[in-house]
Amino acid sequence: MLPTSFVPVPSPITSVWLWYWRHGAVDFYASLLSADERHRLHRFGSPQRQRQFICGRGGLRLLLSHYSERSPQELELAYSLSGKPILANSPWHFNLSHTDNLILCAIAAGVSVGIDVEYGLRSCSMEPILRRWAEQESYRAWQKLSPRQQQSEFWRWWTQKEAIAKAVGTGIWARQTLDIPHQTATFTLFTHYIVSVCAVSPNFPNFLG
């Protein structure tokens, strides 16, 4: 049984389960990590990044244990050719996203998934990014919105690109949707967090390795 700190999120894609939890219980999550994961901690320079990795990876192990009916420590997490974490010898696919102290996870059986969450009120250089990377029609429509609407629409667009890139295994600026059947949905969590989730068709030949 999962701890009460793990909360299911209603998923807009029926083949995908969504969960969230927050940073905390660092010692407990650290006890679930493999030797390789503990070694990887040294790559994260700041204590905040290390805490994020521990809580994310330890929580992920608890979730995968729940679905695969194996202990968290038994699970063998490997990496695809594109560097995406995968659960070895298992049909379960997953993806994590962090923002502030919030962690979201998408899980699916036999379907590659991607998820991204961003704080919708965070400021960034939206205009030059959209001018360069968005389709011209979308960019012109965005310019006509109010500043508040522009911010919300930008993060909707950004999280969708991130979720698709993570599901497919490409860079965020690649032509991700080309000949790749996928389903993407976006929703708001806790008023100001914008979440996008993507599931790739199980018939798509997986080039992730």
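What the table below lists for this structure:
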| item | result |
| --- | --- |
| Per residue value of the accessible surface for the chain (all protein chains in place, 1.4 Å probe), Å² | 53 Å² |
| Calculated [θ] (222 nm, deg cm²/dmol) that DSSP helices of n ≥ 4 give over the chain, each run adding -39,500 (n - 2.57) | -10500 deg cm²/dmol |
| Gyration tensor (alpha-carbon) shape descriptor, segment 59-108, a/c threshold 1.5 | oblate |
| As computed over segment 66-178, the Cα convex hull volume per residue (Å³) | 126 Å³ |
| Length-normalised contact order for the chain - Cα pairs under 8 Å, 6+ apart - percent | 20 percent |
| Leading residue at positive end of dipole, the chain (Cβ point charges), from L145, I54, A163 | L145 |
| Sorted largest first, extent of the chain alpha carbons per principal axis (Å) | 52, 38, 32 |
| Apportionment of accessible area to carbon and sulfur, the chain, percent (1.4 Å) | 52 percent |
| Formal net charge of residues neighbouring R61 (Cβ-Cβ distance under 13 Å; K, R +1; D, E -1) | -1 |
| Positive-end extreme of charge dipole, the chain - chosen from Y193, A108, P8 (charges on Cβ) | Y193 |
| Proximal aspartates and glutamates relative to K166, as straight alpha-carbon distance under 13 Å, when same-chain residues fewer than 8 apart are discounted | D116 |
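The values are calculated or read from the model by the stated rules, or taken from the named source; none is laboratory data. These numbers were taken from a predicted model, which means no experiment stands behind them. Cβ atoms come from the backbone with ideal geometry, glycine included; neighbour counts cover every protein chain shown. Each accessible area value is taken on the protein alone, full model and side chains, heavy atoms only, with ligands, DNA and RNA left out. Shrake-Rupley method; radii C 1.70, N 1.55, O 1.52, S 1.80 Å.
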